[in-house]
Amino acid sequence: MRNIIASLDIGSSLLKLVVGEINRGKFHILLAQNVESQGIKNGFIVNQESFNESLNDLFKKANEILGIRIKKVIVNVPMLNAKYELVEGSTTITNEEYVVTANDIVRSMQAAVYNKVPDNMELINLIPIMFKVNDDVITKSPLGIGAEKLSSKCMLITAPKKGIEPIVKVLEKNQIEVIDLALSSFGDYEELHTKLTDDEVGAIVNIGADTTEVSIFNKGVVQSGEVINMGSSNIDKDLAYMYKIIPSDAKKAKEDLALCHTRMAQPNEYLEFEAYEEGKIKINQYEVSEIVMERIKEIFNLVKKTINLLTKKEISYIIITGGLTEATDFELIVEESFGSIARIAETNEIGARNNIYSTSIGLIKFYYRKLKLRNKEFSIFTLDEQEEFSGLENKKGISENSLLGKVFGIFFDK
């Protein structure tokens, strides 16, 4: 049996599905697929029928590629109005050996969250910050330590149910089980962090289609977050308005002609489009790049203000991810706006070398790390399904060198 996990990243522009296997601590992409997202606005379902069509299209393509049906996924949920709260709890060690077990860790964390989640909110995650053994030994990994008492300090993250339940219901209607919920920022940090970020205070910025999410992390633990109602689709709207062209042509002008900075833009490079009432027009690279650059500058200025509102601590790093970061000369506008403190994300997993997948890949790694804390393993496929899948891989010439795993549910029963 193999450690195979799937994650679904629901965006306003794209739905992204990644299936990965973690073998001896190394991550391998088994599938990375995306389709155009319909019926989603700012991360929320606004048209259930359209969203369902996009979802079916995505899973149909993924299932055909894998040769086996995906029935379980981790899902990202809207970050808007999410709440972050430090909580503490403790438990006594009752086993005969007086050694901390995975169950003791869970009980201390459950005590920390007891009666802390309002009826209108959903528990998204409970992230352990530290554990205290016998009121004196502080550790991040208490498993196996001799003790009579275990205390935990955690970050509790909740989000409004009204934004989550519709997503879960649509997936359930399609016979897809949600094994865990998470904010996109959890995945982004897990995929993009370094030894430096694990010891510092910084920000993760994800530029989506409709929104830009800003999250503050302190030594690897999320502290707060905010959503800016502006994203890459605003660039499309700017170009459509300025040149009086249809949205699809505006998107084409952005992706095929524009640069993110005017420094390297050429006025003699152009594309032709059909404009309303004006017939064919020529759009040159310098002018369109200027429009794009100004909008990105506006987003970055809002990011700076948001970071200052979210934390008074000195920021050591800013990591920027999202599909827009793949655009030509994006690094120039980042450097000009933030200086050396900021860097562009680098999602380099073989099979998904694009920042649109940073959240999806990271969510799998984040879930796996939670499982390790409980000394558990997990796979989205049953033993029989994994035997079938291994046979399909062999036919395709893919190695089946993997560890065995055990099926395990979500971190907390909900």
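Magnitude of the charge dipole for the stretch 15-80, about its Cα centre and with charges confined to Cβ atoms of Lys, Arg (+1) and Asp, Glu (-1), is about 360 debye. Every helix of 4 or more DSSP H residues in the chain counts as -39500 (n - 2.57), and over all residues that averages to -11000 deg cm²/dmol at 222 nm.
Dipole orientation for the chain: of the candidates 204, 54, 311, 311 has the Cα lying most toward the positive pole (charges on Cβ; Lys, Arg +1; Asp, Glu -1). Charging the Cβ of each Asp and Glu at -1 and of each Lys and Arg at +1, and nothing else, the dipole of the chain about its Cα centre rounds to 880 debye. Farthest towards the positive end of the charge dipole of the chain, among the residues 171, 352, 102, is the Cα of 102, using unit charges on the Cβ of Lys, Arg, Asp and Glu. Working from Cα pairs under 8 Å separated by at least six residues, relative contact order for the stretch 194-346 is 26 percent.
Could you work out how far helix 383-396 tilts from the main Cα principal axis of the chain, as a 0 to 90 degree angle to the nearest 10? Taking Cα atoms only, the helix is inclined about 40 degrees. Under the criterion of Cα pairs below 8 Å and six or more residues apart, the relative contact order for the chain equals 19 percent. With a ≥ b ≥ c the root eigenvalues of the C-alpha gyration tensor of the stretch 1-140, is it rounded (a/c under 1.5), prolate (a/b larger than b/c) or oblate? Because a/c hits 1.5 or more and a/b fails to exceed b/c, the stretch 1-140 counts as oblate.
Charged side chains reduced to their Cβ positions (Lys and Arg at +1, Asp and Glu at -1) give the stretch 93-176 a dipole of some 440 debye around its Cα centre.
Once backbone amide H atoms are built at 1.01 Å from N, residue 121 has 161 as its partners under 5 Å, excluding neighbours fewer than 5 places away on the same chain.
Evaluate the distance, in nm, between pseudo-label points positioned 7 Å from the Cα of residue 86 and of residue 268 along their respective Cα→Cβ axes. Going by the 7 Å Cα→Cβ label model, 6.2 nm.
Give the residue from 233, 320, 267 lying farthest towards the positive end of the charge dipole for the stretch 194-346; charges sit on Cβ (+1 for Lys and Arg, -1 for Asp and Glu) and the dipole is referred to the Cα centre. Selected residue: 320.
How would you classify the stretch 83-161 from its alpha-carbon gyration tensor, with a ≥ b ≥ c the square roots of the eigenvalues: rounded for a/c under 1.5, else prolate if a/b is greater than b/c, otherwise oblate?
Prolate is the answer for the stretch 83-161, as a/c is 1.5 or above and a/b outweighs b/c.
As a rough guide to protection, the peptides 307-317, 243-253 ranked by mean Cβ packing within 10 Å, highest first, stand as 243-253, 307-317. The mean sequence distance of close C-alpha pairs (under 8 Å, at least 6 residues apart), as a share of the length of the stretch 83-161, puts its relative contact order at 46 percent.
Values quoted throughout were computed directly from the atomic coordinates according to the rules given, and no laboratory measurement underlies them. These figures come from a predicted structure and were not determined experimentally. Here Cβ is always computed from backbone atoms with ideal geometry, including for glycine, and neighbour counts include all displayed protein chains.
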